[in-house]
């Protein structure tokens with residue numbers, strides 16, 4: 001189960017439309033969740049619309065936040081998407097067994113048991129978070145808030161009972177390029193995340209669409225995080241968020 005968490009201000013201006021790229025991701029079973037970072041209370045109508053359209057095309061969630069709310073929102077969306085993924089899997093199983101995919105259709109005592117199991121799986125299941133960070137010029141004033149959000153997310157993941165790992169990408173890779181760079185392969189260590197930001201050069205264009213396609217290729221090839229494949233032999237044994 002694969003998901004992308006994109007942190008951006010919704011101002012893409014180079015390459016393939018990010019909405020089209022998100023639709024490609026969804027067609028390959030990869031949900032795209034987007035956190036839009038407001039600047040002085042206004043990301044702009046076009047940016048806000050783009051953020052919403054990316055998430056809808058990618059079958060994910062979107063939130064518009066100011067910099068003070070970023071950390072809390074990233075943690076909330078990560079946990080919510082895990083629970084949502086588990087709920088969908090459980091409902092699919094219920095539909096196969098009972099002919100009805102709705103948890104609400106169960107008797108109260110059974111419904112409570114299913115909800116308890118979902119909550120437990122959300123806390124104990126293996127979790128992988130793939131973050132895609134917009135490092136373009138328009139995001140430069142927001143870098144400190146992004147750094148704080150990712151550090152707090154790592155602390156939150158480390159507090160879970162289940163194994164949690166994070167990988168980080170940023171775009172553009174060069175000031176005038178349309179590429180995307182992997183900054184950190186799968187890790188559960190906070191120090192690895194902290195080492196990214198002193199070296200991160202903010203500036204250039206905003207190739208959000210090509211960056212999403214890069215992460216899709218990352219999943220297609222299966223090169224990153226290959227060491228963890230043997231750990232995900234069960235439906236609930238590993239989630240990628």
Report task. Could you list all residues from the stretch 188-218 that are in a helix (DSSP H, G or I) and either under 11 Å from residue 170 (Cα atoms) or at pLDDT 80 or above (or both)? Result -> 197, 208, 209, 210, 211, 212, 213, 214, 215, 216, 217, 218
Requested in this report: Scan the stretch 94-118 for residues that are surrounded by 12 or more Cβ atoms within 10 Å (Cβ to Cβ) and at pLDDT below 75 and report the count.
Outcome: 8
Report task. Kindly list the number of the only condition in (1) surrounded by fewer than 16 Cβ atoms within 10 Å (Cβ to Cβ); (2) within 20 Å of residue 149 (Cα to Cα) that fails for residue 182. Result -> (1)
Report summary line: With the first residue restricted to the stretch 64-82 and required to be over 14 Å from residue 153 (Cβ atoms), and the second required to be surrounded by fewer than 19 Cβ atoms within 10 Å (Cβ to Cβ) and modelled with pLDDT under 70, Cβ contacts under 9 Å at 6 or more apart or on different chains are 66/39; 66/40; 66/41; 67/39
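Does residue 152 satisfy the criteria of being in contact (Cβ under 8 Å) with a residue 12 or more places away in the chain and surrounded by fewer than 18 Cβ atoms within 10 Å (Cβ to Cβ)? Show your work before the answer.
On the way: in contact (Cβ under 8 Å) with a residue 12 or more places away in the chain: yes; surrounded by fewer than 18 Cβ atoms within 10 Å (Cβ to Cβ): yes.
When the stated conditions are applied, residue 152 passes them.
Taking the options 168, 146, name whichever one is at pLDDT 80 or above, in a helix (DSSP H, G or I) and touching a strand residue (DSSP E or B) at 6+ places or on another chain (Cβ under 7 Å). Show your work before the answer.
Values: 168 fails: in a helix (DSSP H, G or I).
From the options 168, 146, the qualifying one is 146.
Condition test on residue 122, is it without any contact (Cβ under 8 Å) to a residue 12 or more places away in the chain and buried (at least 16 other Cβ atoms within 10 Å of the Cβ)? Give the derivation first.
Details: without any contact (Cβ under 8 Å) to a residue 12 or more places away in the chain: no; buried (at least 16 other Cβ atoms within 10 Å of the Cβ): yes.
Judged against the criteria, residue 122 is not a match.
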Query raised in the report: Which residues, taken from the stretch 136-168, are in contact with a helix residue (DSSP H, G or I) (Cβ under 8 Å, 6 or more places away or on another chain) and closer than 15 Å to residue 206 by Cβ?
Result: 139, 142, 143, 146
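The values are calculated or read from the model by the stated rules, or taken from the named source; none is laboratory data. Just so it is clear, the structure is predicted and the values come from calculations on it, not from any experiment. Counting neighbours? That spans all protein chains shown, and the Cβs are built from the backbone with ideal geometry, glycine included.
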